[in-house]
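These notes concern the structure reproduced below.
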Amino acid sequence: MLHPGFFTNAGPFAVADIATAVGAEMTGTANSGALIADVRPLADAGPSDIAFLDNRKYLPQLAATTAGFVLVQPAFAARVPAATVALVTKAPYRAFALALQKFYPDALRPKAAIGTSGQAIDPSARLEEGVIVEPGAIIGPEAQIGRGTRIAAGAVVGYRVAIGRDGYVGAGATLTHCLVGDRVIVHAGARIGQDGFGFAMGREGHLKVPQIGRVIIQDDVEIGANTAIDRGALKDTIIGEGTKIDNLVQIGHNVV
């Protein structure tokens, strides 16, 4: 079954509304009522998506992009493909952060054990037979945990987190915004799926960039105590099958 995702897209929005919200100017004869459906990296964006270019080393991606809309500096506006609408701004990354905030406002706050039931195991969570949940552990709404997995005391399994079979989540560990495979061991105090360190810096200060990616942990991974693994910014942070990570390790967003 396809995972429904962790964040809600508030779009689509008219391109004119996005241009106003982020302080960009449309070029040419673009239809101001054209709809933008989502935000994507240059390499992945399609005709209904908005992307950005803020570093000239990605100019080859700009030339090849199929994005319908792209935020660019004035110096690069002429390089935008003919089928793409240029939204010109002096600070494309900051503008992109503002667009992300508009499309994904709920990504500005982590989703842990949200819910109104007040129960340690939310009624909407799905636990297979043989799952053990120790005292003090919290299982959030729509979480899924496979048979034979043990959730130790004080651990938090967040909203829509999926954990496979025969795994172990250690005492006090926190798992949010992540999909976890089979036979995965997460030791005590690990923090998985927290915000990546993303800020658009400028004279106005450091603008927080919503992190809408996930953490994907494949089968037979072991993660040491007090290790932190950030979720991806737009794409996913991925820990491949069989990986072993020591204690006190920091893995940044988008790492594979």
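Brief remarks on what is shown
- Stokes-Einstein diffusion of the stretch 1-91 at 20 °C, 1.002 mPa s viscosity, Kirkwood radius from Cα pairs, rounded to a whole number: 160 µm²/s.
- Our summary of shape: the Cα atoms of the stretch 114-228 have principal axis extents of 55, 33, 20 Å, ordered from largest down, in whole angstrom.
- Amide H contacts of Ala14: Ile36, each under 5 Å away and 5 or more positions distant or on a separate chain (H built 1.01 Å from N in the peptide plane; Pro and chain starts excluded).
- Within the stretch 200-241: backbone nitrogen closer than 16 Å to the Lys90 label point (7 Å, Cα to C-beta): 201-205
- Length available on full extension from Asp38 to Thr243: 0.36 nm per residue minus the Cα-Cα distance, which gives 70.5 nm.
- Here the Karplus relation 6.51 cos²θ - 1.76 cosθ + 1.60, evaluated at θ = phi - 60°, turns the backbone of the stretch 4-16 into coupling constants of x, x, 9, 10, 9, 7, 7, x, x, 10, 5, 4, 5 Hz, with x for every Gly and Pro.
- Structure remark: mean-square fluctuation, Gaussian network model of the chain, C-alpha springs under 10 Å; the largest value among Val180, Val209, Val131 belongs to Val131.
- Accessible area per residue for the chain is 47 Å², calculated with a 1.4 Å probe on protein heavy atoms, without ligands, DNA or RNA.
- Solvent-accessible ranking of Arg231, Arg40, Arg109, Arg126, largest area first, probe 1.4 Å: Arg109, Arg126, Arg40, Arg231
- Rounded tilt (10° steps) of 92-103 against the dominant C-alpha axis of the chain: 60 degrees
- Shown here for the stretch 71-107: trypsin sites (Lys or Arg not before Pro) in loop regions (DSSP other than H, G, I, E, B) with at most 14 other Cβ atoms within 10 Å, namely Lys90.
- The alpha carbon centroids of the stretch 71-122 and the stretch 199-235 are separated by 15 Å.
- Fraction of accessible area attributable to carbon and sulfur, the chain (%, probe 1.4 Å): 53 percent
- Label-reachable residues, the stretch 169-191, where backbone N falls under 17 Å from a point 7 Å from His3's Cα toward its Cβ: 169, 174-186, 191
- Sites Lys208 and Leu59, calculated FRET efficiency, Cβ-Cβ separation with R0 30 Å, nearest 0.05: 0.65
- With the helix formula -39500 (n - 2.57) applied to DSSP H stretches of n ≥ 4, the chain reaches a computed 222 nm mean residue ellipticity of -3000 deg cm²/dmol.
- Springs join every pair of Cα atoms under 10 Å in this Gaussian network model of the chain, and among Ala152, Ala137, Ala30 the largest mean-square fluctuation is at Ala30.
- Inter-part distance where the stretch 241-256 and the stretch 158-182 are each reduced to a Cα centre, Å: 15 Å
- Dividing the C-alpha radius of gyration of the stretch 167-242 by 2.2 N^0.38 Å, with N its residue count, gives 1.22.
The values are calculated or read from the model by the stated rules, or taken from the named source; none is laboratory data. Since we're looking at a predicted model, the values are computed, not measured. Cβ sites come from the backbone with ideal geometry, for glycine too, and all protein chains shown count toward neighbours. What goes into the accessible areas is simple: the full protein's heavy atoms, side chains included, and nothing from ligands, DNA or RNA. Shrake-Rupley method; radii C 1.70, N 1.55, O 1.52, S 1.80 Å.
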